[in-house]
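Values in this text are rule-based calculations from the coordinates and carry no lab data. Bear in mind that the values here come from a model prediction, so they are computed numbers and not experimental data. Positions of Cβ are generated from backbone atoms using ideal geometry, with glycine treated the same way; all protein chains shown enter the neighbour counts.
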Amino acid sequence: MAAATQALLSLFAASIPTKHRTLTVRASKPTTTNPLIAGRKLRVAVIGAGPAGSSAAEALAAGGVETFLFERSGPSAAKPCGGAIPLCMLDEFDIPRHLIDRHVTRMRIFSPSNLAVDFGKTLRPDEFIAMLRREVLDSFLRSRAQSRGADLISALVTDLEVPASKDAPYVVRYISNNSQKALAVDVVIGADGANSRVAKSIKAGGYACAIAFQERIKLTDDKMEYYEDLAEMYVGNDVSPDFYAWVFPKCDHVAVGTGTVCSKQDIKVFQRGIRARANSKISGGKVIKVEAHPIPEHPRPTRVRGRVALVGDAAGYVTKCSGEGIYFAAKSGRLCGEAIVKASEGGHRMINEGDLRREYLKEWDAKYITTFRFLDLLQKVFYGSDAAREALVELCGDEYVQRMTFESYLYKKLADGNRWEDAKMFCNTIGSLMRCNILGKKMESLKL
């Protein structure tokens, strides 16, 4: 769960002087004015209509750019996802409250030894984590992009033809209604997920991927009542060697899943592990859907090339530790769309690679790259062994850790902590790691 693991982000950030907490990048001004486009507006193809693509298309269309939004699967399909989104996203992206399945105000984290910690004691009365089904959220964002003027094309994109000269158009080739078609555009946004065809077309480089596996399980009314406002997270080698497992409540069912990078071939073994750990609460439930999907583990080496930009999972914007990607997908899509609108002066001028790097990529990195690096470090520290996971859960019982976590997670900003409390938290972290490492060694010796 994003909120739980982001607790330690605050811990490390607290030891860094405030002036260094954000990566500062000074954007250079363009030295030339881009040429005007005669007789039409700038044409942009957005490949993929998840949160990243739909948010990009909405920003583009609202800004006066001619926008084509390609969606392969249709409105009913969505990738498997826990579906937790931070509070700030509801307001920032104007998400209607009636779309929310559950208002989670209680979270319970289970250590490898099944030590349970309630994580959420410091939530304020108006704070919660929203649980949404991805198919519901995606459909809403897609429809809103259409209402702003984006042309939705339900089709399978088969190829992106990259021009030989810098002024020639990109050609999107796709299959619609069993017919091969093509569309020439000025700019392309790749929002087509971890296995992005757009990324391959521009040789953007690869990245390590986790695999997420999830079952949607319909429970009896009495068992669903238990999960009314509760979400659960489990850590341990039995449920994942390098990630975590979850039980998240939805409208009339729970999403039960896990993920891993290093042992993808054993994902079903780990799924059996989470079902066993949560058995007393989900037994007798009916599996109504099974889902699996790759999740990127770090940003791609190249995210902009020519007049092509990658956003969301295609760019690799999923955080370590938590696997959080919905907010970062939508945010990257919107930033990229707004950058193109700005650089093209509302669709009247051609743009170039420098514009995308300056207005989109540097802006994104300045806001979020530090967070991604910290969470990468935290995963290495706390997800490497069951002993370290015990320490993580122990730390999550501290109310100061919880408050700092929610400030960071719910509002997507590094919380300003109390220096004395920060120092205590750091000492507690070291103490927990030492105690749990000793405990872990004792547990291993008992196994032998």
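Quick notes
- Placing pseudo-labels 7 Å out from each Cα toward the beta carbon at GLU135 and LEU36 gives an inter-label distance of 4.9 nm.
- A Förster distance of 51 Å, applied to the separation of the beta-carbon atoms of CYS251 and GLU353, puts the FRET efficiency at 0.70.
- Semi-axes of the equivalent ellipsoid for segment 114-266, Cα gyration tensor, largest first, Å: 40, 21, 15
- Trypsin sites (Lys or Arg not before Pro) restricted to DSSP loop in segment 188-260 with at most 16 other C-beta within 10 Å: LYS203
- Placing a label point 7 Å from the Cα of SER263 along the Cα-to-Cβ direction, the residues of segment 93-119 with a backbone N closer than 17 Å are 111-114.
- Estimated inter-spin distance, ARG173 and TYR226, nm [label 7 Å along Cα→Cβ]: 5.4 nm
- Label-point separation, ASP365 to SER143 (7 Å along Cα→Cβ), nm: 3.9 nm
- Loop-resident GluC sites (Glu not before Pro) (DSSP state other than H, G, I, E or B) in segment 331-366 with no more than 16 further Cβ atoms inside 10 Å of their Cβ: GLU345.
- Exceedance of the 30 Å cut-off in Cα-Cα distance is limited, within the set LYS200/LYS342; LYS264/LYS380; LYS166/LYS331; LYS203/LYS320; LYS223/LYS367; LYS166/LYS320, to LYS223/LYS367; LYS166/LYS320.
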